[in-house]
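For reference, the structure discussed in these notes is given below.
Bear in mind that the values in this text are calculations on the coordinates, not laboratory data. In this text, all values refer to a predicted model and were calculated from it rather than measured experimentally. Here the Cβ is made from the backbone with ideal geometry for all residues, glycine too, and neighbour counts use every protein chain on show.
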Amino acid sequence: MNDQDLERQLRALKPAPPSNDLMVRLQRARPAGEAPRPGWMAWLLRAAVPAAAAVALALLVSLWHPEAVKPAARTASAMPETSYEPVEARDFILGARQIGVGHTADGQPYRVLHAYGLQRAVWKNSRDGSKVATVEPQQQILLAKMDVF
């Protein structure tokens, strides 16, 4: 018997239908009601896990490299003859992605990360108590030290 004969015989084979006993057991084992749709749940898990990892990484990076919050400089055109004082400044990290990996001159590896977020500042007028809030987009390139085990 050569390979062509074997291939022809294999193509001619058809699977046997499932036995009635197997079908009855499967029907009994199925839960009552509609079967759940695995498509959207699987998609949600595939999207949620990397998003949670990115948020955790961004939080970790922000704790390693705290940056001083600097309110925007006052200019004559932006703040005409009123005395606004900064009362709140917060940074929100929306996400981060790894750009690459580098090494220092002494061989220490580090991750190069692109972090992006928002900076919110609130200014209060000392005369009448009115407040102005500003929100600015922020982007940073961060270096995160890697520990090699």
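Brief remarks on what is shown
- Cβ crowding within 10 Å averaged over residues, with 101-110, 12-21 ranked highest first: 101-110, 12-21
- Each peptide in 3-10, 130-137 receives the mean, over its residues, of other Cβ atoms within 10 Å, and ordering these scores from highest gives 130-137, 3-10.
- From phi via Karplus (6.51, -1.76, 1.60), per-residue ³J(HN,Hα) for region 130-140 in Hz, x at Gly/Pro: 5, 10, 10, 10, 10, 10, 10, x, 10, 9, 9
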